[in-house]
Amino acid sequence: GDSVTQTEGQVTVSESKSLIINCTYSTTSIAYPNLFWYVRYPGEGLQLLLKVITAGQKGSSRGFEATYNKETTSFHLQKASVQESDSAVYYCALGRSDKVVFGTGTRLQASP
Amino acid sequence: AQTIHQWPVAEIKAVGSPLSLGCTIKGKSSPNLYWYWQATGGTLQQLFYSITVGQVESVVQLNLSASRPKDDQFILSTEKLLLSHSGFYLCAWSRTYEQYFGPGTRLTVL
């Protein structure tokens with residue numbers, strides 16, 4: 001089957017410090033999956049943060065970036081300097097347009 | 001611009017009672033539509049998808065059903081709710097590479 005693993009349920013980072021949220025994936029039914037990071041800010045709906053559709057490429061948005069690594073089957077989310085407004089739940093996902101598989105999410109608490 | 005609405009925003013229902021959740025998308029003709037469910041503390045699971053009016057494919061069986069009566073409408077329903085149906089329900093539409101989600105409906109079954 002297809003699966004996405006996010007090992008951290010919650011991370012706490014001080015403002016201006018760097019962040020890495022880990023994501024690894026496994027797929028047997030989706031050839032060449034697209035990879036995504038979605039985010040849910042408090043009180044808001046789930047929204048796409050960034051996507052990468054080609055292995056080896058990097059996606060970026062709002063200061064976040066993630067590289068599609070086919071060798072390690074990873075898509076870690078990174079940010080050099082976290083802001084308090086980044087506090088949210090982040091979901092890694094893989095799929096194509098008709099099928100998306102999500103990780104369990106990582107709650108980021110950015111503390112001032 | 002496309003907009004996606006879900007109703008109701010939240011619902012508290014008794015076990016054994018019927019349920020109907022709705023989703024409407026505006027600004028997009030013939031969209032692919034999806035229902036997702038997330039139990040408290042769980043992950044998002046795709047339940048159903050539909051590529052055209054009258055056609056719905058089931059991905060995960062949870063004693064729920066879905067229908068697409070109009071091009072812009074997707075309905076999730078059941079005749080008898082279970083406690084395990086509690087959670088957060090999301091509707092989504094897709095473009096070529098990604099899906100876009102509605103605001104969701106919080107369902108509590110007591």
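The values are calculated or read from the model by the stated rules, or taken from the named source; none is laboratory data. This is a predicted model, so every value here is computed, not measured. For neighbour counting, all protein chains shown are included, and Cβ atoms are generated from backbone atoms with ideal geometry for every residue, glycine included. Just so you know, the surface numbers come from the protein's heavy atoms only, side chains and all, with ligands and any DNA or RNA stripped out. Shrake-Rupley method; radii C 1.70, N 1.55, O 1.52, S 1.80 Å.
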So which strands (runs of 3 or more DSSP E) stay within chain B end to end and still have 2 or more residues that are free of Cβ contacts under 8 Å to residues at least 40 places away in the same chain and away from chain A (no Cβ under 14 Å)? B:65-70
Suppose we filter the range A:87-112 for residues that are more than 11 Å from chain B (Cβ to nearest Cβ) and open to solvent by less than 10 Å² (accessible area, probe 1.4 Å); how many remain? 6
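Within the range A:7-22, is there a residue that is touching a Pro at 6+ places or on another chain (Cβ under 7 Å), over 27 Å from B:THR105 (Cα atoms) and in a loop (DSSP other than H, G, I, E, B)? If you could, list the steps in order and put the result at the bottom.
The first filter runs over the range A:7-22 and keeps only residues touching a Pro at 6+ places or on another chain (Cβ under 7 Å), leaving A:15.
Narrowing the set further to residues that are over 27 Å from B:THR105 (Cα atoms) leaves A:15.
If we keep only those that are in a loop (DSSP other than H, G, I, E, B) too, we end up with A:15.
Scanning the range A:7-22, I find at least one residue that is touching a Pro at 6+ places or on another chain (Cβ under 7 Å), over 27 Å from B:THR105 (Cα atoms) and in a loop (DSSP other than H, G, I, E, B), so the answer is yes.
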Residue check: is A:THR67 touching a Lys or Arg at 6+ places or on another chain (Cβ under 7 Å), open to solvent by 10 Å² or more (accessible area, probe 1.4 Å) and at pLDDT 95 or above? yes
Being without any contact (Cβ under 8 Å) to a residue 40 or more places away in the chain and touching a Gly at 6+ places or on another chain (Cβ under 9 Å) is the filter here; which residues of the range A:30-52 pass it? A:GLY45, A:LEU50, A:LYS51, A:VAL52
For the range A:70-80, does any single residue satisfy the condition of being in contact with a Gly (Cβ under 9 Å, 6 or more places away or on another chain), among the basic types (Lys, Arg), more than 14 Å from every other protein chain (Cβ to nearest Cβ) and in contact (Cβ under 8 Å) with a residue 24 or more places away in the chain? yes
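How many residues does the range A:52-62 contain that are assigned to a strand (DSSP E or B) and open to solvent by 50 Å² or more (accessible area, probe 1.4 Å)?
2
Quick grid of which residues meet (1) within 20 Å of A:LEU46 (Cα to Cα); (2) polar (S, T, N, Q):
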residue: B:PRO8; (1), (2): yes, no
residue: B:GLY27; (1), (2): yes, no
residue: B:THR43; (1), (2): yes, yes
residue: B:ASN63; (1), (2): no, yes
residue: B:LEU83; (1), (2): no, no
residue: B:PHE88; (1), (2): yes, no
residue: B:PHE101; (1), (2): yes, no
Being open to solvent by 10 Å² or more (accessible area, probe 1.4 Å), closer than 28 Å to B:LEU33 by Cα and in contact with an Asp or Glu (Cβ under 6 Å, 6 or more places away or on another chain), is that true of even one residue in the range A:33-51? yes
Anything in the range B:75-110 that is over 12 Å from the mean Cα position of the chain (by Cα), open to solvent by 30 Å² or more (accessible area, probe 1.4 Å) and among the charged types (D, E, K, R)? List them, or say none. B:GLU79, B:LYS80, B:ARG95
